[in-house]
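Shown next, in structure tokens, is the structure this report addresses.
Only the coordinates and a few stated rules stand behind these numbers; no lab work does. None of the values given here were measured: they were computed from a predicted structure. Glycine also receives a Cβ, built like all others from the backbone with ideal geometry; neighbour counts cover every protein chain displayed.
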Amino acid sequence: MEIPYTVKARPDTGLWNAKIGIWLFLASEVMLFGGLFSGYVFLRLGSGADPNYFWPTGSLEVLPGMINTFVLIASSVFVVVAWVQLKLRNWSGYTFWMTLVVLCSLAFMGIKSYEYYGKFTHYGIRLKDNSYIAGHHIDNSQKMAEIKSVDLDLIKGNLGFLKYVSSEEKDNLTFSYEVKLGGLVPGEEMVPSTPNGDLNETIKASDEVNSALAEVNQLLGKTGAAVEAQSGVRLSMGVLKDLKKGVDESLREVHDARMEMNEEVNKLIREHNAALAAAKKQAANARQKTEEDQKILDEKFVTLVPVFSWNKTLGLGTLKVFADNPFSLEVPHNRLRNATDSKLTFADFSVVHGTRDANSVYLHVEHLDKLDLRSVAKPEDSAVFNYIAEKAINVWGEDTHGDAGNGEGKTEYGGAGADDGKAKTKTTEELWKKFDKNSREVTKKAAEKGKEPDLKKKLTMKIYKEDHVGASIPYEEIKIYSNYAPKQNTFYAIYFLLTGLHGLHVVAGAIVLTYFLFSRRLYEKDPEHLANRVEVGGLFWHFVDLVWIFLFPVLYLM
Amino acid sequence: MADSPEELQKHLKLYWIIGAVLFGCTFLTVGVTYINFGSKAADITVGLLIALTKALLVALIFMHLNHEKSLIYTVLLYTFFFFAGMMVLFILALFDPVFFPGFNEK
């Protein structure tokens, strides 16, 4: 079917169809982005009502945003130049400029990905006293050593802990003693033990129930008429038989389930025994192995002995796994429901019993880059200063370092200083002297102007990365922490929504323009038709640029 | 719409000039953030005015809105009306009462 008015204008509108189509579409796009911009204004104004939340103005890096603005403006020029080349019937010129447009879109998305990555690896931490710090490279792992048993539930199938034991899942995790299992590796001579669920015992119990029921039947048969007369309920042997049949079926189901489970366990054992044998054979073949290597190899394998226990009332099975050789594992904090000194409860309710590493009670931040005490009632008593591992803090762009890093009373990385009470370290003392000096100046200047001093502005501190200031904060002191994802605060929620939607438009536009790049056949058949298509694609591309023209100052600069 | 090669070449030159102006305006947008115009509202207004100028240049020159058919202007008039409505909706929020027991002045 021929689509009309692709080149010629319609007599009633004076426009070719795609032109009016794209403008109607762009009008709807204006409403879409307009609604989101309106939402942004609401959120920003609303943030002013919460005394503990400050709109994070200037928290985005300006340079990548500015480069992306240049990239989009350049692409906007290129797309209109490409369109002119088509109008001039210059195919090679058109492909050259359109290729540049597509490359610009790739550059834009590349820079945007870099920015997103930076956000996802940047963490904000609010303490219970409302102190706020931000930084990179956190270690929120929970390390458990001397693990001798794990509680599992076969019905839930909660084997989630295994992936933290398995070596390939924890490339970035380290602990002193490593268990490399590649899954569970049972010992060579391991036989499954079912002390509370022995099959013979169950069968025996079934026989006992059967004989007891036979006795009841006999008794009821004799006294049935009397019981019926007294209770008014008619008892029949059929009912009793059904009851017995039901019991038999239940017991049989338990037998079957147990048999099936034993079969599964035996299969698992056979597989892992084979894997173990192969690994050991390989180790034996490596003749250069020293005695120490062999020892390490042995330590890498832990024999896990599953022991079933049955809930007699519900007939459900639980599995407790005992390790013959205590092992360690490391789990990110956010994968756990609970952590105590003796056990870790995973999100899937499996429980690992062992000894928790003393360092695991802290959230470690390698590089702090921001300290914000605006919401703290008494900034000078902020809990943050008990947990900063200092080297130097550069406040208000001035160096306060001096020899503070070597001073006595330095808080050790690892949070040891937390136990020393509220005593400030040398650098933090200097920092607060500086604050006092600044605050006096601000107060004096405000008094000269007859205004109230705005000391809160002095409570946002930038910490330079090269100073390598870190912190170890006990989890019990933390109110909330997360990376700079949408959940961090309303600013990042709307930031990701706006830039994400805009990014999708860039991708969509790039796909369409790339398609036009390969439309040589249409060019040869009807060059004006292709020129019109490119004009429509270009209009969309300009709109994408136009949205960014507002997004850049609103999100990055204001 | 310019269709003769001469006119197209003339427009081509204009596109490059507008591109350069947009680049300059971007530098200006970043530059003015270092200047204090007296209040946060004034700073934001200046930033948005520059952005608006850039947007107008893109719309008028690159999107050819400086010489379009009347139907498109009609469509955009309605769009602008509703867009402007959304942009002033927040004024209503200024009248929302917010209570914080133990309110901490910012």
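Partner shielding of B:60-69 amounts to 5, given as the average count of beta-carbon atoms from other chains within 10 Å of each residue beta-carbon.
For A:Ala358 and A:Phe25, the difference between the fully extended length at 0.36 nm per residue and the C-alpha to C-alpha distance is 113.9 nm.
The calculated FRET efficiency for the pair A:Leu43 and A:Phe322, based on their C-beta separation and a Förster distance of 56 Å, comes to about 0.55. Extension gain, A:Glu263 to A:Phe349: 0.36 nm times the residue separation minus the Cα-Cα distance gives 28.4 nm.
Each peptide among B:83-91, A:541-549, A:342-350 gets the average number of other Cβ atoms lying within 10 Å of its residues, and from highest to lowest they stand as A:541-549, A:342-350, B:83-91. The B:Phe80 and A:Asn338 beta-carbon pair, evaluated with R₀ = 60 Å, returns a calculated FRET efficiency of approximately 0.60. Considering all C-alpha pairs of segment A:494-558, those separated by over 20 Å amount to 40%. Once a ≥ b ≥ c are taken as the square roots of the eigenvalues of the Cα gyration tensor of segment A:12-73, is the result rounded (a/c under 1.5), prolate (a/b larger than b/c) or oblate (a/b not larger than b/c)? Note, shape of segment A:12-73 comes out oblate. If the chain between B:Asp3 and B:Asn36 were fully stretched, how many nm would it gain, using 0.36 nm times the residue separation less the Cα-Cα distance? Between B:Asp3 and B:Asn36, full extension yields an extra 7.2 nm.
Counting only the Cα atoms, segment A:36-134 fills a convex hull of 113 Å³ per residue. Answer rounded, prolate or oblate for chain B, using the Cα gyration tensor with square roots of eigenvalues a ≥ b ≥ c: rounded when a/c is under 1.5, else prolate when a/b is larger than b/c, else oblate. Verdict is oblate for chain B.
Between A:Lys370 and B:Val21, the C-beta separation translates, for a Förster distance of 35 Å, into a calculated FRET efficiency of about 0.45. Note: segment A:79-128, Cα convex hull, 56 Å³ per residue.
Can you bin segment B:39-101 into rounded, prolate or oblate? Criterion: square roots of the alpha carbon gyration tensor eigenvalues sorted a ≥ b ≥ c, rounded for a/c under 1.5, prolate for a/b above b/c, oblate for the rest.
It is oblate, given that a/c is not under 1.5 and a/b is not larger than b/c.
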